[in-house]
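In what follows, a single structure is set out as structure tokens and then discussed.
Each value in this text was obtained by applying a stated rule to the coordinates, not by laboratory testing. Please read these numbers as outputs of a predicted model, since none were measured by experiment. Cβ atoms come from the backbone with ideal geometry, glycine included; neighbour counts cover every protein chain shown.
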Amino acid sequence: MKKNLFSNWYNSLLTVVFGAFILWVVYSLVKYLIGVDTEIIRVNLRLYMTGRFPSEQLARLWGAIYVATATVALFARATVRNAQMKATEAGLDFERSHWTDVVRRFWPIGALILFTLSFTQTITPTLLTLVAAAIGLAAYWLGGMMPKWLIHRSWIIVVAGLVGFYAVLVGFGGVGWDLWQGFFVNIVITVAGISLAFPLGLMLALGRRSTLPAVRVLSVTYIEFLRGVPMITLLLMGAFALGFLIPGDFQFSLFLRLLIAITLFQSAYIAEVVRGGLQSVPKGQIEAAQSVGLSPWKTMRLVVLPQALRNVIPAMVGQFISLFKDTTLVFIVGLLDLLRAVQISTAQPEFFAQGLEAVVLPFAALYFWVGSFVMSRESRRLEKKLGVGVR
Amino acid sequence: MKRPPFWRNIRVIRAALQIVAVAVVVGAFLYLGNNLRNELVAKGLPTDFSFLSQPTGVNIADSDFDPASPVWRALLVGIKNTFLLVIVGIPFLTILGTLIGVARLSTNWLVAKAAMVYVETLRNIPPLLIILFVFNAVILQLPPPRDPSTPLDWFVISNLKITGPGFAASSGAGALLAIALFAVLAAVIVGIWRTKYSETTGHHSHRVLWSLGVFVAIVLVGYFLTGRPVSMSFPDLDGRVITGGFGGLGSYFAVLIALVMYTASHVAEIVRGSIQAVPKGQTEAANAIALSGFQRLRYVILPQAFRIALPPIINQYLNFAKNTSLAIAIGFTEITLITFQAIGNGYPAPQLILLLMGAYLLFSLTISLLVNILNRRLQLVGN
């Protein structure tokens, strides 16, 4: 590998030129990092992470995080046990993955959490994070005692988790979603957007393949229209035009309007992803299902869709990443997300006009980078595991 | 065979389902449209497109745009600015993306790793963030407009506007333009003729040289015949006003650089994937007939890789065109920002947003169409 650095004259030239350039970059980076003043981040960390979430209600936010951690741990355990049971039923060997594998896959997220905690001004967030980790581990262990019927229907765990999350935040005079801001709102919009867009996109993909011409034309028009416009036009529509469609003075909250716009937008892209998956299922499967006497609906549900959706998991993750990066756009229509938070922090009187954008913008970039990087690595790992595209 | 009753007749069911589907959609549109009209009337806003001839009240930098001009003119300026971003950006990002994609596969470890770092860094950051960073950390670091830097006396660089030498047209330039278009036509005809000649006789066509030569010759002759209507003009700093020259706003360059770098990172991945997707047997066959590395790339690998890469690259071009709307964040007056400002000035949002979407659909469809023609020509027979 390294022997090719100087194998001939143009390789040597390239190496020297690139080497010098890279050394210069690293040097400037180190010089910048040593001299950087992170006071602005320390002071504004809560603004970046949660926006103007009322500070007396932060307990609710932590409660919601605990609910989410427990849900993820339970769901993970259910998935593992499901796979285990299926393997033993089929008489195959089950390979348990070691916890070090999980660490290797997700260490950037752990590093990011530690990095964030390093900017906190009290010990409380660190302690609360340790509690979250403990809850996660406890939930994973408790998952070992889950009844079989629950494991087969593990989506119940997810639904219960979502309901619990929402209830803890909003229930009994909690914090309505207009005050969900900061990096928290980036994550919420991503998860909510994809979850809500998925059923709609699935229906559109099926509609596009329908034999009924009217349904097909309607689906294609919708999909091609929404894929041809930038997301920001839909956000503008959500912010300014959606109010005109409701009679009277009733006004939806901005968050809800933007969520509707994002859901509509993402549904068109998910429809295309699912369409690719549907096309990847060999026609013989459908013919075999018909020969066994399955109705069209049963064929779709039991034969086609499981295979189709499994094939497009990597592409779906790609869409998830894309939405995650696009949630930064909501700041243009007034929702305070991480990017907006770092921007307004440089406009505060004590930090104004000190060129601190060069500090806070890379800080914000780090969050998006870690999230996207980990997700795309997971997607590549899944691609390899499923053997997608291997000849 | 007895016909099944109509409520079990598949043809009837199919027709009924379609009628229901269309009725639901049309009904929804009518209901929402009615609400829209009522709400617009209730708020005192026009329900048609007549507002387009009202004065805008919007100031557009870097042009002698009069705020009293009608709205439709402002929208046209926005479309022109978006077009300028797209037309300059796409060639640059293609070249940069291809170079980095090929560099990723280089046998030189340093070059390959550097390319990988570039791609992995830029691909995972939101484009909006890159635009903000380039604008704040690069463009705004340039000298302020009242004290710009003027290297070589050829350029005037400030954080507001970057100007360089350009062309100034005087009378007769229109005729020169017509001659230039004719020259393009002639060059194309000559190119086709030389290709046919090469096919029938087997000699080298040299068609690029011939076409270029014809084009340059005709344009030169036309230039002198029309009395030299085009000359170089250098930006002249007159206090705070820059006259002459050719340049763009600092925000234009910020968006251009940021989006080109971002989209190029995606194109690099596509190019790398497409080169790796060319079957290994092709490389081995090329080696077997003793083609050099460069010849192998040019005649065997890249043409096949290009065919594979083209559809995803079309997608990236469309993404680039749509991402230009992010320029709204730094105040570059492309079509999205102008729409936003018009809404702020009290013009009806639904109609304006509809026009905005229509404009982007036009861009998307045009790019799609042009590149799909190329794609169809490259497709393997029988695919």
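Taken along the Cα-to-beta-carbon direction at a fixed 7 Å, the label points for B:D147 and B:R376 span 6.0 nm.
Neighbour counts of C-beta atoms inside 10 Å place A:R105, B:R207 in the sequence A:R105, B:R207, starting with the fewest. Think of the protein assembly as shown as having a plus end and a minus end, set by charges on the Cβ of Lys, Arg, Asp and Glu; of A:F351, A:P362, B:S274, B:S274 sits farthest toward the positive end of this dipole.
Segment A:Q354..A:W99, full-extension length gain: 87.3 nm, with 0.36 nm per residue of separation and the alpha-carbon distance subtracted. Computing FRET efficiency as 1/(1 + (r/R0)^6) for B:A28 and B:W7, where r is the C-beta to C-beta distance and R0 is 30 Å, gives about 0.70. Rounded, prolate or oblate: which fits chain A, taking a ≥ b ≥ c as square roots of the Cα gyration tensor eigenvalues, rounded meaning a/c under 1.5, else prolate when a/b beats b/c? Here chain A falls in the rounded category.
I'd like to know which of A:F53, A:I262, A:Y32 lies farthest towards the positive end of the charge dipole of the protein assembly as shown, counting +1 on Cβ of Lys and Arg and -1 on Cβ of Asp and Glu. Ranked along the dipole, the leading option is A:I262. In this structure, B:K113 and A:M85 have a Cβ-Cβ separation that, at R0 = 45 Å, corresponds to a calculated FRET efficiency of about 0.55. Tell me, what is the FRET efficiency for B:L84 and B:L369 to the nearest 0.05, using R0 = 25 angstrom and their Cβ-Cβ distance as r? Computed FRET efficiency for B:L84 and B:L369 comes out at 0.80.
How many angstrom lie between the C-alpha centres of the stretch B:261-279 and the stretch B:324-375? Each part reduced to its Cα centre gives a spacing of 28 Å. Taking other C-beta atoms within 10 Å as the exposure proxy, A:L128, B:L326, B:L220, B:L52 rank B:L220, A:L128, B:L52, B:L326 from fewest upward.
Roughly speaking, what is the centre-to-centre gap between the stretch A:61-101 and the stretch A:137-182 when only Cα atoms are used, to the nearest Å? That distance is 16 Å.
Between A:I109, A:F165, A:V43, the Cα set farthest toward the positive side of the dipole of chain A (charges on each charged residue's Cβ, about the Cα centre) is that of A:I109. In summary, the lysines within cross-link reach of B:K113, defined as a Cα separation below 21 angstrom excluding same-chain residues under 8 places away, comprise A:K2, A:K3.
Each residue, A:W297 and A:L13, gets one label point 7 Å from its Cα in the Cβ direction; the gap between the two is 7.0 nm.
Counting other Cβ atoms within 10 Å as a rough exposure proxy, the listed residues B:S106, A:S253 run A:S253, B:S106 from fewest neighbours to most. The Cα atoms of the protein assembly as shown give a gyration tensor whose axes a ≥ b ≥ c have a/c under 1.5, which makes the shape rounded. Placing dummy labels 7 Å off each Cα toward the beta-carbon, the span from B:E199 to B:F182 is 2.9 nm.
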